[in-house]
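The values are calculated or read from the model by the stated rules, or taken from the named source; none is laboratory data. What you are looking at is a predicted structure, and each value in this text was computed from that prediction instead of being measured. As a convention, Cβ positions derive from the backbone with ideal geometry for all residues, glycine included, and neighbour counts pool all protein chains shown.
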Amino acid sequence: MSARLARAALWLTGVLVAAWLVAPTLVVIPLGFTDKVSLTFPPTGWSTRWYANFFGDPAWTAALANSLLVGVLVAAVATVLGTAAAFGLSRWTSRRGAAAARVLLLAPMIVPGIIVAIGVYAVFLKFQLAGSLAGFVAAHTVLALPFVVVSVSASLGTFDVRLETAAASLGAGRWATFRQVTLPLIMPGVVSGALFAFVTSFDEVVVSLFIQSPALVTLPVQMYSSVTRETDPTLAAAATMILALTTVLVTGGLALSARRNRAR
Amino acid sequence: MAALLTPVASGGRAGAAPPPSGRPGRLARHWPFLLIVPALLVLLAVFVYPVAQTFVGAFTIPEPGTENFSWFFGSPANVAVLTRTFSTALWATLICLALAYPYAYLMTVASPKARAALLLIVMLPFWTSLMVRTFAWLVLLQDTGVVNDFLGLFGLGPFGLVRSRTGVLVGMVQILMPFMVLPLYSVMSGIDRRLLTAAQSLGARPIVALLRVFVPLSLPGVAAGSTMVFITSLGFYVTPALLGSPSEALISQFMYTQVSGMLKWGRGGAMAVVLFATTLLLMGLLGLAMRAGRRTRAAVR
């Protein structure tokens, strides 16, 4: 009996923690559709005026467009660089070299964001990259690289190297082997790495807060400054859209990783 | 692997031909390195160089010396920022541990489907926008928010939950949960549950078996998770800035004010050095503890 009680208590704790992890974030969804000017929950009436407000305000639409543009560019650059690096790491016969390079590639995950932000801000000021598209893409790429490297490395870990030997023995060059044999097989890892890279850039706040300029503001930065100034439900509408987009992308990425694991 | 490919590849490329000695040439052995170079160059330019510059600046701006450090450690108000950052991180770690331990344990005893669901629930918030989650907490915890309304039903409050340490901790712990649950789960799932059965067959009550057998075996996960959570919470910026009180700034907010507002690069650099040194020290200690733990376990066996 007491064992059953203990089990029930365990499940109750688990469910409460799970609810606390997921539920609070969901309050932003109904708030975006409120007809009131204030952020009271639960809303008493419904309207889509805050979405109209979002898409009618150039500050918000420009921020959204910037975030999408930066995110797509970061996903492209980080995926190419990260896939090449992960492939190189898996083939490099110098164990010590590969280990050192891997530590360096994953370091942006461990160094506190504020330190990276201060350093990047100083360097960008010096080279006049602050507030530029290239600057944003470069800074976000560094933060996104580890996720691509991890994701692609996991795919390469389950890849049968003998397939490359077979392709080579049939006369394929290294590039043709990679293009026609290796890349298709590690594609799930590459795509989920690209999705995570996009989401990393799309969500990034701290570095962006430093390197922003009036000419280039991303969506999280616009949200941040809007939260500190005044809070109206347009914020909830913006939050809902970010939530929807990232959820779709991340679920896609996780599903691809799961498929990769099942294939093992 | 490269050696296996070399004979075929060298057919078309003179540069990759093995030298007469029979040992593969430098290029043949190290060509994979060339694939890592572009990523490393970007990292060097936009990560290593800026961070190194910041650290150097701590000792050179405005003039060479340690004046930035004596400024930081010389004023009680600044040291208070540091202790507050550490105590907040410590609280966040303890709360995370208290919540994550039963959660991770539940994952090890749940059916595969329930386990997958529990794992997804931990992982999804990890990928949910930080801004969105912080904003949600701001709405929930505000003076007229849901939490205070609910407490009001019992005649409690309203409490000042935002602009306080409570707000910071609630927001931080939610974001940090994956860093605690995942290492705990990976260690717990490797524990042989037959040891618990054995302990009980020898007369231990289930709770005693759990505390004396399972908990000690799960300690490496506790150490790894706690270190990850502690380190990550030291560098938090957005959550304390929005949910915390401006008069109770943490070190990252303080760094932001010094650098962005007052352009005191040296001071910001000095705090960066302190923050980074602490991070490295803690990671080193964790590494040592893990190694010692492995050695002890090996000796026991």
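Name the residues in segment B:136-173 that are of a type in the set (Ser, Thr, Tyr) and in contact (Cβ under 8 Å) with a residue 40 or more places away in the chain, would you?
As a first pass, look at segment B:136-173 and keep what is of a type in the set (Ser, Thr, Tyr): B:144, B:164, B:166.
Selection gives B:Ser164 alone.
How about segment B:87-114: which of its residues are among the aliphatic types (A, V, I, L, M) and either touching a residue at least 40 places away in the same chain (Cβ under 8 Å) or touching a helix residue (DSSP H, G or I) at 6+ places or on another chain (Cβ under 6 Å) (or both)?
Taking segment B:87-114 and keeping what is among the aliphatic types (A, V, I, L, M), we get B:89-90, B:92, B:94-95, B:97-100, B:104, B:106-107, B:109-110, B:114.
Residues satisfying the conditions are B:Ala89, B:Leu90, B:Ala92, B:Ile95, B:Leu97, B:Leu99, B:Ala100, B:Ala104, B:Leu106, B:Met107.
Show the residue pairs meeting these rules: Cβ distance below 7 Å; 6+ apart or different chains; first residue within segment B:115-135 and more than 7 Å from chain A (Cβ to nearest Cβ); second residue polar (S, T, N, Q).
Close Cβ pairs (under 7 Å, with a partner that is polar (S, T, N, Q)) amount to B:Thr134/B:Thr239.
Out of segment B:249-269, which residues are in contact with a Ser or Thr (Cβ under 8 Å, 6 or more places away or on another chain) and modelled with pLDDT under 90?
B:Ala249 - this is the single residue of segment B:249-269 that is in contact with a Ser or Thr (Cβ under 8 Å, 6 or more places away or on another chain) and modelled with pLDDT under 90.
Test of understanding: among B:Ala198, B:Ala223, B:Ala272, which residue is within 14 Å of chain A (Cβ to nearest Cβ) and modelled with pLDDT of 85 or more?
Details: B:Ala198 fails: within 14 Å of chain A (Cβ to nearest Cβ); B:Ala223 fails: within 14 Å of chain A (Cβ to nearest Cβ).
The conditions single out B:Ala272.
Select the helices (runs of 4 or more DSSP H) contained entirely in segment B:111-172, then report the ones holding at least 3 residues which are more than 17 Å from A:Leu254 (Cα to Cα) and within 20 Å of the chain's Cα centre (by Cα).
Numbers: elements: B:112-127, B:130-141, B:146-153.
In segment B:111-172, B:130-141 are the helices (runs of 4 or more DSSP H) which contain 3 or more residues that are more than 17 Å from A:Leu254 (Cα to Cα) and within 20 Å of the chain's Cα centre (by Cα).
Is there a residue in segment B:282-295 that is of a type outside the set (Asp, Glu), under 17 Å from B:Thr88 (Cα atoms) and outside any helix (DSSP H, G or I)?
Step one: of segment B:282-295, the residues of a type outside the set (Asp, Glu) are B:282-295.
After this cut, where a residue has to be under 17 Å from B:Thr88 (Cα atoms) as well, the list is B:282.
Next, only the ones that are outside any helix (DSSP H, G or I) stay: none.
Scanning segment B:282-295 turns up no residue that is of a type outside the set (Asp, Glu), under 17 Å from B:Thr88 (Cα atoms) and outside any helix (DSSP H, G or I).
Go through B:Leu138, B:Leu196, B:Leu202, B:Leu210 for me and flag whichever is of a type outside the set (S, T, N, Q) and surrounded by 20 or more Cβ atoms within 10 Å (Cβ to Cβ). Lay out the reasoning, then the answer.
Numbers: B:Leu196 fails: surrounded by 20 or more Cβ atoms within 10 Å (Cβ to Cβ); B:Leu202 fails: surrounded by 20 or more Cβ atoms within 10 Å (Cβ to Cβ); B:Leu210 fails: surrounded by 20 or more Cβ atoms within 10 Å (Cβ to Cβ).
Of the residues listed, the single one that is of a type outside the set (S, T, N, Q) and surrounded by 20 or more Cβ atoms within 10 Å (Cβ to Cβ) is B:Leu138.
Considering only segment A:222-236, I want to know if a residue exists there that is out of contact with any Leu (no Cβ under 9 Å at 6 or more places or on another chain) and part of a helix (DSSP H, G or I). Reasoning before the result, please.
The initial filter retains those residues of segment A:222-236 that are out of contact with any Leu (no Cβ under 9 Å at 6 or more places or on another chain), namely A:229-230, A:234.
Then keep just the ones that are part of a helix (DSSP H, G or I); that gives A:229, A:234.
Yes, because at least one residue in segment A:222-236 is out of contact with any Leu (no Cβ under 9 Å at 6 or more places or on another chain) and part of a helix (DSSP H, G or I).
Mind listing whichever residues of segment A:1-43 are more than 7 Å from chain B (Cβ to nearest Cβ), in contact with a strand residue (DSSP E or B) (Cβ under 8 Å, 6 or more places away or on another chain) and β-branched (Val, Ile, Thr)?
Selection gives A:Thr34 alone.
Are any residues in segment B:258-299 surrounded by fewer than 15 Cβ atoms within 10 Å (Cβ to Cβ) and under 20 Å from B:Pro64 (Cβ atoms), and if so, which ones?
Listed by number, the residues that qualify are B:Leu263, B:Ala277.
Please work out if B:Ala45 is of a type in the set (Gly, Ala, Ser) and closer than 21 Å to A:Ala107 by Cα.
Details: of a type in the set (Gly, Ala, Ser): yes; closer than 21 Å to A:Ala107 by Cα: yes.
Yes: the conditions hold for B:Ala45.
Is there a residue in segment B:50-59 that is within 13 Å of chain A (Cβ to nearest Cβ) and more than 29 Å from the chain's Cα centre (by Cα)?
no
Taking B:Tyr185, is it among the aromatic types (Phe, Trp, Tyr), free of Cβ contacts under 8 Å to residues at least 60 places away in the same chain, in a helix (DSSP H, G or I) and closer than 28 Å to B:Leu280 by Cα? Working first, answer last.
Values: among the aromatic types (Phe, Trp, Tyr): yes; free of Cβ contacts under 8 Å to residues at least 60 places away in the same chain: no; in a helix (DSSP H, G or I): yes; closer than 28 Å to B:Leu280 by Cα: yes.
Answer is no for this residue.
Do you know which residues across segment A:205-220 are within 20 Å of A:Pro112 (Cα to Cα) and within 9 Å of another protein chain (Cβ to nearest Cβ)? Steps first, answer last, please.
Taking segment A:205-220 as the starting set, the residues that turn out to be within 20 Å of A:Pro112 (Cα to Cα) are A:205-212, A:220.
Correct list: A:Val205, A:Val206, A:Leu209, A:Phe210, A:Pro220.
Does B:Arg193 qualify as being within 30 Å of B:Phe86 (Cβ to Cβ) and either of a type in the set (D, E, K, R) or in contact with an Asp or Glu (Cβ under 7 Å, 6 or more places away or on another chain) (or both)?
On the way: within 30 Å of B:Phe86 (Cβ to Cβ): no; either of a type in the set (D, E, K, R) or in contact with an Asp or Glu (Cβ under 7 Å, 6 or more places away or on another chain) (or both): yes.
Judged against the criteria, B:Arg193 is not a match.
What's the total number of residues in segment B:173-193 that are among the hydroxyl-bearing types (Ser, Thr, Tyr), surrounded by fewer than 23 Cβ atoms within 10 Å (Cβ to Cβ) and within 17 Å of the chain's Cα centre (by Cα)? Can you show your working first?
Initial filter on segment B:173-193 (among the hydroxyl-bearing types (Ser, Thr, Tyr)): B:185-186, B:189.
Right, trim to surrounded by fewer than 23 Cβ atoms within 10 Å (Cβ to Cβ) and you get B:186, B:189.
Keeping just the survivors that are within 17 Å of the chain's Cα centre (by Cα) gives B:186.
So the count comes out to 1.
Looking at this structure, is B:Ala223 touching a Lys or Arg at 6+ places or on another chain (Cβ under 8 Å) and among the small types (Gly, Ala, Ser)?
On the way: touching a Lys or Arg at 6+ places or on another chain (Cβ under 8 Å): no; among the small types (Gly, Ala, Ser): yes.
Here the answer is no, as B:Ala223 does not meet what is asked.
Out of the residues in segment B:136-160 that are under 22 Å from A:Val205 (Cβ atoms) and among the aliphatic types (A, V, I, L, M), state the one that is farthest from the other protein chains (Cβ to nearest Cβ).
The residue in question is B:Leu141.
State all residues of segment B:83-107 that are among the aliphatic types (A, V, I, L, M) and either buried (at least 24 other Cβ atoms within 10 Å of the Cβ) or within 14 Å of chain A (Cβ to nearest Cβ) (or both); if no residue qualifies, say none.
Our first condition is that a residue be among the aliphatic types (A, V, I, L, M); within segment B:83-107, this holds for B:89-90, B:92, B:94-95, B:97-100, B:104, B:106-107.
Result: B:Ala89, B:Ala92, B:Ile95, B:Leu97, B:Ala98, B:Leu99, B:Ala100, B:Ala104, B:Leu106, B:Met107.
Applying the selection to segment A:86-98, what residues are surrounded by 17 or more Cβ atoms within 10 Å (Cβ to Cβ) and part of a helix (DSSP H, G or I)? Steps first, answer last, please.
Going residue by residue through segment A:86-98, those that are surrounded by 17 or more Cβ atoms within 10 Å (Cβ to Cβ) are A:86-92, A:98.
Those that are surrounded by 17 or more Cβ atoms within 10 Å (Cβ to Cβ) and part of a helix (DSSP H, G or I): A:Ala86, A:Phe87, A:Gly88, A:Leu89, A:Ser90, A:Arg91, A:Ala98.
When segment A:215-252 is examined, which residues are found to be free of Cβ contacts under 8 Å to residues at least 40 places away in the same chain and more than 19 Å from A:Ala52 (Cβ to Cβ)?
A:Tyr224, A:Ser225, A:Val227, A:Thr228, A:Arg229, A:Thr247, A:Val248, A:Thr251
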